[in-house]
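The values are calculated or read from the model by the stated rules, or taken from the named source; none is laboratory data. All figures in this text were calculated on a predicted structure; none of them were measured in a lab. Positions of Cβ are generated from backbone atoms using ideal geometry, with glycine treated the same way; all protein chains shown enter the neighbour counts. Only protein heavy atoms, including side chains, enter the accessible area calculation; ligands, DNA and RNA are left aside. Shrake-Rupley method; radii C 1.70, N 1.55, O 1.52, S 1.80 Å.
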Amino acid sequence: MNDGLANVLHIDLSRKRFWVEERSELFDEMIGGSGAAIRLLEEECPKGADPLGPENPIVLAVGPFTGLYPIASKTVAMFKSPLTGNLGESHCGGRSPIAIRFAGYGAIVIKGSSETPIYLAIHGGKVLFRDASVIWHMANSATVGRILREKEPGSGVRSIMRIGRAGENLVSYASVVTETYRHFGRLGLGAVFGSKRLKAIVISGRRSIPVSDMKGYRETYREIFELLASAEMRKYHELGTSMNVNPLNELGALPTRNLQTSRFEHAEALSGENFARKYLGRRVACAHCPVACIHLAALREPYESEPYFYKTEMISYDYEPIYALGSMLGISTPEALLRLMDKVEVLGLDVISTGVALSWATEAQQKGIVSTKETNGLKLNWNDEEQYSKAIEYIAAQVNDFFKALGKGVAYASSVYGGEEFALSFGGNEMPGYHTGPAAHIGFLIGSRHSHLDGAGYSIDQKAVANKIILTPREIVDRIVEEEAWRQVLSSLVICFFGRGVFKPALILLAFKAIGREVSEERLKRTGENILKKKYEFKRREGFSIDSLEIPERILQTETPLGYLSRETIREGLTTAELRLNSIMTRNIPS
Amino acid sequence: MVKRLSVVDVNLCVGCQCCMMACNRRFGEGGIARSAIHIKSVGGVERGFIVIVCRACRDPSCLKVCPTNALTRRVGGGVVLNQSRCIGCKRCVESCTIDAIFWDESVEKPVICVHCGYCIDYCPYGVIRMEEVVENE
Ligand code: SF4
Ligand code: SF4
Ligand code: SF4
Ligand code: SF4
């Protein structure tokens, strides 16, 4: 039965054409989400493609549970990353997965590039190529959202994905913003949109999805829904991810001032508790997610020119932005931090890469590696909101050679200006906010996206701290790779990782059964490994090798909760990982 | 005692749309094509949400405009649709001031809340509930 999932919508921006292909075998074998996307990427992206060339495809994929079960609420994007020059993958919620699924598709592949700025309006079976000249160069990505909201139908059942100035100017870590507060953040999907002169995608749909066992479906749904209401899940709703600021700081794992230290004296002010007390204005959810983890702070600010004139901005906050623009830049007050977060959102940048780039630039300037000549007159200093605010604008506007280099990430900028020792780049991607121990860093290095979410090494470290045990590099790598393989199943079902404790294998099988598919746990796990294998095949095809990964000196100089890290431990981890991956790569995994 | 669906406090709504999906599951399927409740933002999620659902009028305007008497009065307010009488003219849709009549494109018939209460168990934040209606009010 094709309930719409097997439909892959192909869009050619050069020729302004679209067609739908039925790919049941793809979704049978690879589930959907990450699994379907890596296969489509492999098919559509020619070897050695220019990430900013028309040949680089944008693949968006959802999964079989999307629209059927709660918290299957992510869209997976795959592309070749302009930041790392290799596999690009990022996940985003909002209403995007629901809109794609209810429009009648399991995946969308966008290729080519338009000569003039356009946006795509996809309403069910209709695909329109619409002129975007007026909204191109529009300074504020939120304004673009507002305009498209008025112009396009589908209120309540649509997603509006758009880029900001950073994407238009091809900053390597430009993001795509959806529904104002969710993002395809990491690895530069925004620049790929920009290179195609694709300003936005509006997508909507209202369909139903039939299931074979109506009663079983309703019962399984009920069970999942109740599990999602558990105390374990409520923490994401209550304080949200910013609940991590205080504990990570107490642990000595909160990267601060470009990781010169791992404790921040103003952590309490930037903590989830303080935000909730003083600023939390509203919590919202992605479509079909009862958790509602999105926290919006209300920031009331006076207009300088007029007395008694105020505006109230709603700004979303999470742990990662607090780390990247807060502790990393030494920002001491929530107000300053919120203003910087808002700037990054409006210009459409990845917040983690931006924060890490600015903290590198600050240290580079303090060490005299770059001067005000390079920084366009800025004097970057910790806790100087005004200078940072301008610097963020300069990155998005690409004002001079230095900001152009900075817009290609810290690995590139430090290769031009020096300061590699303190450039926090892992496989070309900027460091996430966890200096928890060896597992976190090994994970950033070997992970297929170089993200903390790949194998969750930070959690392995935290458990090691709690249980007072030291794991060998081999044990670490085994756990990371096993976790990353399992997470391929979750991200192919597009289950939000916050729901991973609920969606255990047994429950997934039950959920499949109720919609008429028999799957075994064995088969699920194999599929997970197979997807991981495909990802590394792509990475290797595009030149990735564990051997040539650089370990940033800085991570060895600053103590973690598990002590100082040694280059040898990490190298040993990498060597083990190489062997482990080789064994996955050469294994013939039956699907 | 007859009941009707009512909105307790729209400010509690997080926009998760679980109620919309629930309503559609009455028919044993996923999706939202036949959902009688609709959630949308007040021009951007930062400003909050609107819950659009039939409010069980005592004197329903939709019923009055129906040319075929496909809509009849429901005990406790609102209407009951007789599918076989409906000719799909959409007059009811236009007559509802709060736009609470939706359209099922697969059969070209209106979708109107029947106040069954299935959705309320799936609203995690207590935004909607069933309320008793005093008959001879
Ligand atoms: S938990 Fe948060 S991110 Fe995940 S689907 Fe729900 S609202 Fe979205
Ligand atoms: S669409 Fe059907 S129910 Fe509505 S007014 Fe027309 S005939 Fe009556
Ligand atoms: S009360 Fe019944 S018909 Fe009305 S919105 Fe809820 S589930 Fe749908
Ligand atoms: S289920 Fe409740 S909180 Fe969620 S959208 Fe519906 S009314 Fe709002």
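Observations on the structure shown:
- Across the range A:282-310, the number of residues qualifying as within 8 Å of another protein chain (Cβ to nearest Cβ), within 23 Å of A:Leu340 (Cβ to Cβ) and not β-branched (Val, Ile, Thr) comes to 3.
- Leading residue by the ranking (nearest to the other protein chains (Cβ to nearest Cβ)) among those in the range B:100-113 that are open to solvent by 20 Å² or more (accessible area, probe 1.4 Å) and without any contact (Cβ under 8 Å) to a residue 60 or more places away in the chain: B:Trp103
- Subset of the range A:370-406 (residues that are assigned to a loop (DSSP other than H, G, I, E, B) and without any contact (Cβ under 8 Å) to a residue 12 or more places away in the chain): A:Ser371, A:Thr372, A:Lys373, A:Gly377, A:Asp384
- Hey, B:Cys92 at negative phi and either within 16 Å of ligand 4 (Cβ to nearest atom) or small (Gly, Ala, Ser) (or both) or not: no
- Filter result (polar (S, T, N, Q) and free of Cβ contacts under 8 Å to residues at least 60 places away in the same chain) within the range A:341-368: A:Gln365, A:Gln366
- Matching entry among A:Phe193, A:Phe225 (being within 23 Å of A:Arg500 (Cβ to Cβ) and either within 20 Å of the chain's Cα centre (by Cα) or among the hydrophobic types (A, V, I, L, M, F, W, C) (or both)): A:Phe225
- Whichever residue in the range B:25-67 is surrounded by fewer than 23 Cβ atoms within 10 Å (Cβ to Cβ) and polar (S, T, N, Q) and, among such residues, is farthest from the other protein chains (Cβ to nearest Cβ): B:Ser61
- From A:Ala285, A:Ala292, residue being crowded, with 19+ Cβ neighbours inside 10 Å, within 16 Å of ligand 4 (Cβ to nearest atom) and at positive phi: A:Ala292
- Selection of the range A:5-47 for residues being touching a helix residue (DSSP H, G or I) at 6+ places or on another chain (Cβ under 7 Å) and of a type outside the set (A, V, I, L, M, F, W, C) yields A:Gly32, A:Gly33, A:Ser34, A:Gly35, A:Arg39, A:Glu42, A:Lys47.
- Within the range B:101-120, the set of residues being more than 16 Å from B:Arg74 (Cα to Cα) and part of a loop (DSSP other than H, G, I, E, B) comprises B:Glu105, B:Ser106, B:Val107, B:Glu108.
- Within the range A:178-203, the set of residues being open to solvent by less than 10 Å² (accessible area, probe 1.4 Å) and either touching a Phe, Trp or Tyr at 6+ places or on another chain (Cβ under 8 Å) or on the phi > 0 side of the Ramachandran plot (or both) comprises A:Thr178, A:Leu187, A:Gly188, A:Leu189, A:Gly190, A:Ala191, A:Val192, A:Leu198, A:Lys199, A:Ala200, A:Ile201, A:Val202.
- Top-ranked residue of the range A:498-521 - restricted to ones that are part of a helix (DSSP H, G or I), within 14 Å of chain B (Cβ to nearest Cβ) and open to solvent by less than 30 Å² (accessible area, probe 1.4 Å), ranked as nearest to ligand 1 (Cβ to nearest atom): A:Gly499
- Taken over the range A:148-169, the criterion of being closer than 22 Å to A:Ser195 by Cα and out of contact with any helix residue (DSSP H, G or I) (no Cβ under 9 Å at 6 or more places or on another chain) is satisfied by A:Leu148 alone.
- Qualifying residue in the range A:386-407 (condition: within 21 Å of A:Ser90 (Cβ to Cβ) and open to solvent by 10 Å² or more (accessible area, probe 1.4 Å)): no
- Check on B:Cys119, within 13 Å of ligand 2 (Cβ to nearest atom), of a type outside the set (Lys, Arg), modelled with pLDDT of 95 or more and crowded, with 17+ Cβ neighbours inside 10 Å: no
- Total residues in the range A:560-580, condition open to solvent by 90 Å² or more (accessible area, probe 1.4 Å), of a type in the set (D, E, K, R) and under 23 Å from A:Gly252 (Cα atoms): 1
- So A:Ser155, is it part of a loop (DSSP other than H, G, I, E, B), over 30 Å from B:Phe102 (Cα atoms) and in contact with a Lys or Arg (Cβ under 8 Å, 6 or more places away or on another chain): no
- Any hit, the range A:251-266, residues being open to solvent by 20 Å² or more (accessible area, probe 1.4 Å) and under 15 Å from A:Tyr319 (Cβ atoms): yes
- Residue match in the range A:240-248 (condition: out of contact with any Gly (no Cβ under 7 Å at 6 or more places or on another chain) and either within 13 Å of another protein chain (Cβ to nearest Cβ) or not in a helix (DSSP H, G or I) (or both)): no
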